[in-house]
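The values are calculated or read from the model by the stated rules, or taken from the named source; none is laboratory data. From a predicted model like this one, the values you see are computed outputs, not experimental measurements. Counting neighbours? That spans all protein chains shown, and the Cβs are built from the backbone with ideal geometry, glycine included.
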Amino acid sequence: METKSIATFPCPWSMGVTFLTAITVVILTISTYYVWTNELIWLKYTLIIIFLGTIIGVLLLMPLRLTIGNNKIILHRLIGSIHIPFKDIIELKGIPNSETAYSIRLLGSGGLCGYLGKFRNKKLGNYSMYATNLNELILIRTDRKAYVFSCKNRDEFIESFNSLFGNQV
């Protein structure tokens, strides 16, 4: 069955992500501003390049919206979308943020522009997380990977998926 995009759900930042991102940017800006002596000018420019690279990198990877349609779920980002075909999904459910507690970040961001990258914990195992609000988490498992996403109106997202795909998951 071929379907068009039936629902799109934005991925807004929570207060925690907004605060953490703002504080990080302020600290990075102030720290590069105060390293200004002629003896350490190389350090100042090195820090600026590293900080700008980090901020641009996480901005490019942060989730913008989730779309259900065309027989797949799509996580839209500024660079590269993640496509998960319905036929590959073996579990899709809302989870509390306690499910991601005590996770080890293997690669990615732990709050700057969201929680992005590869993580691992005892409950979920290895998983990829692209979340901007830890109170609206969605777990999607395929036979090969586990994903944790977030979006506005998580329960409506899950209902939309279930109404389209049925309770086959």
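When the range 109-122 is filtered for residues that are of a type outside the set (Ser, Thr, Tyr) and either surrounded by 13 or more Cβ atoms within 10 Å (Cβ to Cβ) or not in a loop (DSSP other than H, G, I, E, B) (or both), the ones remaining, listed by number, are Gly110, Gly111, Leu112, Cys113, Gly114, Leu116, Gly117, Lys118, Phe119, Arg120, Asn121.
Does Lys122 satisfy being within 19 Å of Ile68 (Cα to Cα) and of a type in the set (Lys, Arg)? Show your work before the answer.
On the way: within 19 Å of Ile68 (Cα to Cα): no; of a type in the set (Lys, Arg): yes.
So Lys122 does not fit the description; no.
For the range 110-140, what are the residues that are under 8 Å from the mean Cα position of the chain (by Cα), small (Gly, Ala, Ser) and under 18 Å from Ser98 (Cβ atoms)? The one that is under 8 Å from the mean Cα position of the chain (by Cα), small (Gly, Ala, Ser) and under 18 Å from Ser98 (Cβ atoms): Ala131.
Within the range 60-108, the residues that satisfy the criterion of being outside any strand (DSSP E or B), more than 14 Å from Thr132 (Cβ to Cβ) and in contact with a helix residue (DSSP H, G or I) (Cβ under 6 Å, 6 or more places away or on another chain) are Asn71, Ile79, Phe86.
Ser103 satisfies every condition listed in (1) out of contact with any Lys or Arg (no Cβ under 7 Å at 6 or more places or on another chain); (2) among the polar types (S, T, N, Q); (3) free of Cβ contacts under 8 Å to residues at least 60 places away in the same chain except (1). Scanning the range 92-146 for residues that are among the acidic types (Asp, Glu) and modelled with pLDDT under 95 yields a single hit, Asp143. I need the full set of residues from the range 132-169 which are of a type outside the set (Ser, Thr, Tyr), within 28 Å of Phe19 (Cβ to Cβ) and touching a helix residue (DSSP H, G or I) at 6+ places or on another chain (Cβ under 8 Å), in order please. Matches in the range 132-169: Asn133, Leu134, Asn135, Glu136, Leu137, Ile138, Leu139, Val148, Cys151. Output yes when any residue across the range 18-39 is of a type outside the set (Ser, Thr, Tyr), touching a residue at least 40 places away in the same chain (Cβ under 8 Å) and surrounded by 12 or more Cβ atoms within 10 Å (Cβ to Cβ), and no when none is. Scanning the range 18-39 turns up at least one residue that is of a type outside the set (Ser, Thr, Tyr), touching a residue at least 40 places away in the same chain (Cβ under 8 Å) and surrounded by 12 or more Cβ atoms within 10 Å (Cβ to Cβ). Candidates are the residues of the range 58-77 that are more than 12 Å from the chain's Cα centre (by Cα) and in contact (Cβ under 8 Å) with a residue 12 or more places away in the chain; the one that is surrounded by the fewest Cβ atoms within 10 Å (Cβ to Cβ) is Asn71.
Residue-wise test of (1) aromatic (Phe, Trp, Tyr); (2) modelled with pLDDT under 95.
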position: Cys11; (1), (2): no, no
position: Phe19; (1), (2): yes, no
position: Ser31; (1), (2): no, yes
position: Gly57; (1), (2): no, yes
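Scanning the range 130-141 for residues that are more than 12 Å from Cys11 (Cβ to Cβ) and part of a strand (DSSP E or B) turns up Leu139, Ile140, Arg141.
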